[in-house]
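See below for the structure under consideration.
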Amino acid sequence: MKEFIVAVVAAVFGLAGTVVGAALSARAAKNGAVLSAQATLQQVRDQATVDQAHWLRQQRLQAYEGFLAAWDECLRLIDSVGLPGDSEASGTNPLKEAAGRMTERARRIDILGPTEVSRAAEELADSIRRDVSIATKLKELTEAKLPSATEHITNGTAPAMAAATEALEEANRQMQELVAEANESGQLLHENPRTTEMFERFERAQEIADAAIARAHRDGDGFSAFLEQATVIVNELQRNQEARACTRERFTTAARHTLASANPPTS
């Protein structure tokens, strides 16, 4: 009986050991599977991060290149067509349209980031839009004021000055003739009956000259007022163009840094 009990106990312990061993093996297998799954998942995540970074870099590269192409188009139009780039024949404004494309591409950069690049891009787009706005203001001023100022000078001041010059030259010529006659005849100048008429002619010529000079001052003041207004606008345009040189450099530097980074910033 005792031997039977011992045998049963031994069998039970043997079975328990087998069960425990199997359980430990199963747990070890499970842990190994979990670790393997985690490693695989991490690899997938790492690859996804790399792929996302590559995709983002390519998207940014395309956006930056597109933006700079629009920028170059604006500069080409400024150099070749001038500001504000109107074409009266077609009723279009090429520079304004190019500035619009530049603004659209700046918005795409704003989506892709990073902030430093998108901010510089928006400032450059704003600068071109200000060019269009300022130059349009100059054009409107020129169209409104220059023809009138030029017409006054061309049709008013210039003929008046020419008439005054002619009157003075004619009066002077006749006076010289009168003096020559008096010298030849030995007659005193004031005794010549034509002397009074001659001085009256001089006075009329002087009045014509004074009126022409007064008109020249008036017309000149009008033209000067136009020039002063135009100068203010031109100076504003020059300051805007000078300021964006620094912005362009900031955009280029930030874009290069972003594209060269192994892990480009996302915002």
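So, in the stretch 212-267, exactly how many residues are polar (S, T, N, Q), touching a Lys or Arg at 6+ places or on another chain (Cβ under 9 Å) and at pLDDT 85 or above?
Of the residues in the stretch 212-267, the ones polar (S, T, N, Q) are 224, 229, 231, 235, 238, 240-241, 247, 252-253, 258, 261, 263, 266-267.
With touching a Lys or Arg at 6+ places or on another chain (Cβ under 9 Å) added as a condition, the list becomes 229, 240, 258, 261.
Imposing the further condition that a residue be at pLDDT 85 or above reduces the set to 229, 240, 258.
Adding up the residues that qualify gives 3.
Being of a type in the set (S, T, N, Q), over 17 Å from PRO159 (Cα atoms), surrounded by 13 or more Cβ atoms within 10 Å (Cβ to Cβ) and touching a Ser or Thr at 6+ places or on another chain (Cβ under 9 Å) is the requirement here; does GLN229 meet it? Judged against the criteria, GLN229 is not a match.
Quick check on the stretch 131-142: of everything there that is of a type in the set (D, E, K, R) and surrounded by fewer than 18 Cβ atoms within 10 Å (Cβ to Cβ), which residue is nearest to ARG57 (Cα to Cα)? Break it down stepwise before answering.
Step one: filter the stretch 131-142 for residues of a type in the set (D, E, K, R), giving 131, 137, 139-140.
So of that shortlist, the ones also surrounded by fewer than 18 Cβ atoms within 10 Å (Cβ to Cβ) come out as 137, 139-140.
On the way: LYS137: 40, LYS139: 42, GLU140: 44 Å.
Of everything passing the filter in the stretch 131-142, LYS137 is nearest to ARG57 (Cα to Cα).
Would you please name the residue that is modelled with the lowest pLDDT, looking only at residues in the stretch 30-66 that are over 30 Å from PHE251 (Cβ atoms) and among the basic types (Lys, Arg)? Result: LYS30. For the stretch 150-163, does any single residue satisfy the condition of being crowded, with 16+ Cβ neighbours inside 10 Å, among the hydroxyl-bearing types (Ser, Thr, Tyr) and touching a Gly at 6+ places or on another chain (Cβ under 9 Å)? For the stretch 150-163, residues crowded, with 16+ Cβ neighbours inside 10 Å, among the hydroxyl-bearing types (Ser, Thr, Tyr) and touching a Gly at 6+ places or on another chain (Cβ under 9 Å): present.
Every residue, every condition in (1) polar (S, T, N, Q); (2) farther than 30 Å from ASN235 by Cα, yes or no:
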position: ILE128; (1), (2): no, no
position: ILE134; (1), (2): no, no
position: ALA144; (1), (2): no, no
position: SER148; (1), (2): yes, no
position: GLU151; (1), (2): no, no
position: LEU168; (1), (2): no, yes
position: GLU177; (1), (2): no, yes
position: ALA212; (1), (2): no, yes
position: HIS217; (1), (2): no, no
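Within the stretch 136-189, can you find the residues that are within 27 Å of LEU227 (Cα to Cα), hydroxyl-bearing (Ser, Thr, Tyr) and at pLDDT below 80? Once the filter is applied, which keeps residues that are within 27 Å of LEU227 (Cα to Cα), hydroxyl-bearing (Ser, Thr, Tyr) and at pLDDT below 80, the stretch 136-189 yields SER148, THR150, THR154, THR157.
Residue-by-condition table, conditions (1) of a type outside the set (A, V, I, L, M, F, W, C); (2) under 60 Å from the mean Cα position of the chain (by Cα); (3) not in a helix (DSSP H, G or I):
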residue: ASP131; (1), (2), (3): yes, yes, no
residue: MET161; (1), (2), (3): no, yes, no
residue: GLU197; (1), (2), (3): yes, no, no
residue: ALA209; (1), (2), (3): no, yes, no
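Within the bounds of the stretch 84-97, is there any residue that is modelled with pLDDT of 85 or more and surrounded by fewer than 19 Cβ atoms within 10 Å (Cβ to Cβ)?
Going through the stretch 84-97, the residues modelled with pLDDT of 85 or more turn out to be 97.
If we keep only those that are surrounded by fewer than 19 Cβ atoms within 10 Å (Cβ to Cβ) too, we end up with 97.
Among the residues of the stretch 84-97, at least one is modelled with pLDDT of 85 or more and surrounded by fewer than 19 Cβ atoms within 10 Å (Cβ to Cβ), which makes the answer yes.
The values are calculated or read from the model by the stated rules, or taken from the named source; none is laboratory data. Everything quoted here is computed from the prediction, not taken from an experiment. As a convention, Cβ positions derive from the backbone with ideal geometry for all residues, glycine included, and neighbour counts pool all protein chains shown.
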